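Each remark here refers to the structure printed beneath this line.
The values are calculated or read from the model by the stated rules, or taken from the named source; none is laboratory data. All values derive from a computational prediction rather than experimental measurement. Positions of Cβ are generated from backbone atoms using ideal geometry, with glycine treated the same way; all protein chains shown enter the neighbour counts.
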Amino acid sequence: MNNINDRRLVWDAHAGLFPSPEMDLNTLDYWHLHGVNYLSINVGFDIMSKDQTFATLTSYRRWILDHGNRFVLANTFDDIKAAQQTQKMAISFDIEGMNALGDDVNMVEIYHTLGVRQMLFAYNLNNAAAGGCHDDNTGLTPFGFEVLKEMNRVGMIVDASHTSYKTSMDLIECSETPVVFSHSNPFSIWPHQRNIVDEQIQACAAKDGVIGLNGLGIFLGNNDISTKTLLTHLIYLIDIAGPTHVGIGFDYMPDASVDLSLILSARPDFWPSGQQYDTQNICHAGPSCIPDLVFGMQAYGLSEFEINCVLGNNFARVAKTCWVSEA
């Protein structure tokens, strides 16, 4: 494990693992090796059916419980602290978009019971609940407001990444708990439709939310994952939102153990042309770059307290606020 992170809580708010029961989850050791204490992994996104999401969720849940010597399924924040003390990595699940609900708000509580602690309202395109960032700029629908209320009730983090501008602002205005952008970069630095504008960043921070730095090269620049570019995005977020409202959500995926071609080719509309998705050999920064980010933040003049906030304490604060304790 990387010594620079030994005394810190390092929180990666979203992994980019392709959700499939066929995924070899031994790949999670990569995050643990690089000092990550908590990781949210994706079990579904909007191109998948409710049944596909449920199959992935139950498969992942069983695997993590069967490997309790290395991982802890985190239902509460205390589980994360306990995992850190025993040098295990804590994991919970997220879902990208509301198609996994199958138009049934009651599924929110079911997913929560099985370990989903964070949900996005859309994945690039509009759905029954909300607007996506690559679609018409629509806000929350009546169903979306109902889902938001239920997520607040059960204790699930509200995530605005991949959503439209209007949807994100509706979420920030109406949520009873802080809203996050788990893996979104500033549009002012790189004008990609997946990135977010200053008004979204500022509104999120004003309600005590957190924006997570995304490590995908096409969201950082022209497939650029250099330390300089990562720090340009990170420092900009810190300047706009403040160091207590920025974190990391690398959206990282190591070499996939499943064939992605079939599902990706079936729904190319989720990744529209003109947005660099056809870039050959897209680069991706992940947890191995954390030491360089720490050195960069130190050089910029951030205090140890502020650096620790960015590495994990900010997202941890949101979790402690949002997650309903089982005690």
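For the condition surrounded by fewer than 18 Cβ atoms within 10 Å (Cβ to Cβ) and in contact (Cβ under 8 Å) with a residue 12 or more places away in the chain, ASP239 does not qualify. Entry remark, region 68-85: residues being assigned to a loop (DSSP other than H, G, I, E, B) and surrounded by fewer than 17 Cβ atoms within 10 Å (Cβ to Cβ) number 3 in total. Entry remark, region 268-290: residues being farther than 22 Å from ILE41 by Cα and of a type outside the set (Asp, Glu) number 9 in total. A count restricted to region 1-30 and to residues that are modelled with pLDDT of 90 or more, loosely packed, with under 15 Cβ neighbours inside 10 Å and of a type in the set (A, V, I, L, M, F, W, C) stands at 0.
Only a single criterion out of (1) surrounded by fewer than 17 Cβ atoms within 10 Å (Cβ to Cβ); (2) farther than 21 Å from ASP29 by Cβ is not satisfied by ASP46, namely (1). Can you say whether SER184 is touching a strand residue (DSSP E or B) at 6+ places or on another chain (Cβ under 6 Å) and within 26 Å of LEU57 (Cα to Cα), as far as the supplied structure shows? So SER184 fits the description; yes.
The set of residues in region 215-252 that are part of a strand (DSSP E or B) and either among the hydroxyl-bearing types (Ser, Thr, Tyr) or over 18 Å from ALA203 (Cβ atoms) (or both) comprises LEU216, ILE248, TYR252.
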